[in-house]
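We did not get these values from a lab; they are worked out from the coordinates using the rules stated. Remember, predicted model here, so these are calculated numbers, not experimental data. As a convention, Cβ positions derive from the backbone with ideal geometry for all residues, glycine included, and neighbour counts pool all protein chains shown.
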Amino acid sequence: MRILSPLPAMLLAATSLSACSMAPKYERPATPVPPSWPIGDAYLRQSEAALPTVRYSDVFHDSRLQQLIVQALANNRDLRVAAANIASTRAQYRIQRGSLFPQVDATGRYSYTDRGSGGAASQAVGNGGTGTGTGTGGTGTGNGTGGTGTGTGGTGGTIVTGANGSGSAWSVNLGTTAFELDLFGRIRSLTGAALDRYFATEAAARATRLTLVGDIADAWLTYGADQSLLAIAQQTAANAERSVTLTRARLTGGIAPRTDLRQAEQVLATAQADLAQQKTAVAQDINALQLLVGAPIDTALLPRSIEEAAPTVATLPAGLDSGILLRRPDVVQAEYLLRAANGQIGAARAALFPRISLTGLVGFASTALTSLFSGGSFNYSVAPAVSYPIFQAGAGVANVEYSKAQRDAALATYEKAIQTAFQETADALARQGTITDQLGANRRFLSAAADTYRLTEASYRGGITPFLNTLDAQRSLYSAQRTVIATQLVEASNRVSLYRVLGGDSLLEATPNGPVALGAAQ
């Protein structure tokens, strides 16, 4: 028995070569921000040493808001785009990874030849084509006849031959074409870069999800605040209408001048305009929520006031270590892109060295089907090839420099992402440290304004003070009511901001130092 070729073993060994990598060793850059959050009068010192694991349900306690978030995670179009981008980059990684392995193709072939030398005729009839016959005595086509010659039929045809002999040839082959032996790590560097871009896309999807949850919470709170403002506008308009009625009666009785009536009418018109504006704001809030959710929403899931909605948003502790920012999905995305750019340098460097490719073919060939797979019909061929760039007018070196420049840009982008995250978190902490005092002061002002309005109105009704005093007190009260509502919205939105800037649910996900769920793709 003939010994089989060592080619399969050679191909297996080639695919398992441990290629050297020419990519620079990746080291996470130093964090370009202070190691801890700012402290001072504007900040509340945090007692927690580290940020706990949280979900959005741990921060947003209202079941109605949770239902809207669940609907949005299922229907929002931005999330669908993010999911499609993940699928796209995953496929690109698999395409690139396929270059690490040889492409194996199987082919089969059968041929038949009739050789004639005398006066016997050759006839060809085909079901899928036209048969021809040629020979010494003439040429025939289709069912025609000629001299001694050869005939071929179309696909699936039947060939009628002369009496001077015929030949058949059968072959089956399995081979690979131009498989590159990745001795310098070019393909592995490209594959690693593709994997990092895939991880970056998943991190971007988590960032989109985090932004969506925060936006829904903000829109839900804004609707509550606008409902409160609408109620104040309705109450103010009703009070202004009563004031106009009273002033008109006093004018008719000769007690009040016409200027009092005109001033009361100004207050009423202002309140009516604000009422119309708040109705518009409430309708637009619903439209914004429907866009975020990606489907019509049930108005029963919306808050009736900011006073009802604000207490349902919990405060997320910030912790003492600014290193938690490295877990933010946008920072994770930037680091994966930095790693991908680092890998591109290795691929560009490896391209300066020779490329060794291998073409191999193993198969069987025989003149009879019965002996096609016998030992004597086995054949193989191996054709290694080496390609080395001798002159590229500096293109190869320029490609390395280009990859380095791209890596430097990715590094700057990563560092800026960390700095931006630090600034956003520090701003949110500064707001958290002062908003309680501001809200308390606004509420005290509101209490004083309400008492002043009651006193001046009673004094006006008793004819002690002019209507102008009542008008000023009413305006001050209206402004104070709106200010308190706006401050309550800021306080609640600040807690949403802390959830968002500290990474929210993304803290449950893996980071470039240890991809867990994503690592399975490798």
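Below is a table of values for the structure above.
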{"read-out": "About the Cα centre, charge dipole magnitude for region 174-254 (Lys/Arg +1, Asp/Glu -1 at Cβ), debye", "value": "420"}
{"read-out": "Estimated inter-spin distance, GLN419 and GLN234, nm [label 7 Å along Cα→Cβ]", "value": "5.0"}
{"read-out": "Residue-span extension gain [GLN66 to VAL282] - 0.36 nm each, minus C-alpha spacing", "value": "75.7 nm"}
{"read-out": "Spatially proximal lysines relative to LYS404 (Cα-Cα < 18 Å; intrachain offsets below 8 disregarded)", "value": "LYS25"}
{"read-out": "ARG28/ARG444 FRET efficiency (R0 41 Å; Cβ-Cβ; nearest 0.05)", "value": "0.25"}
{"read-out": "Set of aspartates and glutamates near LYS279 by C-alpha distance (under 15 Å), chain-local residues within fewer than 8 positions excluded", "value": "ASP226"}
{"read-out": "Length released on extending from ASN75 to THR211, taking residue separation times 0.36 nm less the Cα-Cα span", "value": "47.5 nm"}
{"read-out": "Environment charge at LEU268 (Cβ cut-off 14 Å; Lys +1, Arg +1, Asp -1, Glu -1)", "value": "0"}
{"read-out": "Rounded to the nearest 20 debye, dipole of region 260-320 from Cβ charges on Lys, Arg, Asp, Glu", "value": "120"}
{"read-out": "Label-point separation, ASP472 to ASP427 (7 Å along Cα→Cβ), nm", "value": "3.8"}
{"read-out": "Aspartates and glutamates whose Cα lies under 19 Å from that of LYS416, excluding same-chain neighbours fewer than 8 positions away", "value": "GLU27, ASP321, ASP330, GLU335, ASP408, GLU424, ASP427"}
{"read-out": "Rough spin-label spacing in nm, given labels placed 7 Å along Cα→Cβ, for ALA405 and ARG304", "value": "6.4"}
{"read-out": "Potential extension, SER459-THR113 segment - 0.36 nm per residue separation minus Cα distance", "value": "112.3 nm"}
{"read-out": "Two-site FRET efficiency, GLU265 against THR315, from Cβ-Cβ distance with R₀ of 41 Å, rounded to 0.05", "value": "0.35"}
{"read-out": "Rg/Rg_globular for region 158-269, with Rg_globular taken as 2.2 N^0.38 Å and Rg from C-alpha atoms", "value": "3.28"}
